[in-house]
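Notes to accompany the following structure.
The values are calculated or read from the model by the stated rules, or taken from the named source; none is laboratory data. A quick note: this is a predicted structure, and the numbers were derived from the prediction, not measured. In this analysis, Cβ positions are derived from the backbone assuming ideal geometry, glycine residues included, and neighbour counts consider all displayed protein chains.
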Amino acid sequence: MTTTRLEKYKIFRALHERPGVFVIPNPWDAGSAKILTALGFEALATTSAGCAFSKGHLDSVPEMTRDVILQNAKRNCGRDPSPCFRGSSKRFRS
């Protein structure tokens, strides 16, 4: 069963509204995303820095293009029904 974008939004919002602490980890690649999901985390965030560091780069180098970061986020969160928050780096904002 595929979870729709709206359903993921509602789940993600509910995680923020329930009592207690909401912990959201930042997997740096698809393997760490799979492990964190298996450990029971209900949502994932993405990290451009984690992606850059796992490739041996700084977060601000030219090799870390918007496409590279978005492809990494897609690999990390694309197959998982859990909500995934993609933070936006200041350098890609218009």
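What the table below lists for this structure:
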{"read-out": "Residues satisfying the stated conditions in region 12-37, i.e. farther than 23 Å from Arg66 by Cα and small (Gly, Ala, Ser)", "value": "Ala14, Gly20"}
{"read-out": "Entirely in region 1-63, the helices (runs of 4 or more DSSP H) that have 2 or more residues that are touching a residue at least 60 places away in the same chain (Cβ under 8 Å), within 18 Å of Ala73 (Cβ to Cβ) and polar (S, T, N, Q)", "value": "none"}
{"read-out": "Enumeration of residues in region 57-94 that are acidic (Asp, Glu), surrounded by 14 or more Cβ atoms within 10 Å (Cβ to Cβ) and either more than 20 Å from Pro25 (Cα to Cα) or modelled with pLDDT of 70 or more (or both)", "value": "Asp59"}
{"read-out": "Residue tally, condition surrounded by fewer than 20 Cβ atoms within 10 Å (Cβ to Cβ) and farther than 19 Å from Asp67 by Cα, over region 38-56", "value": "5"}
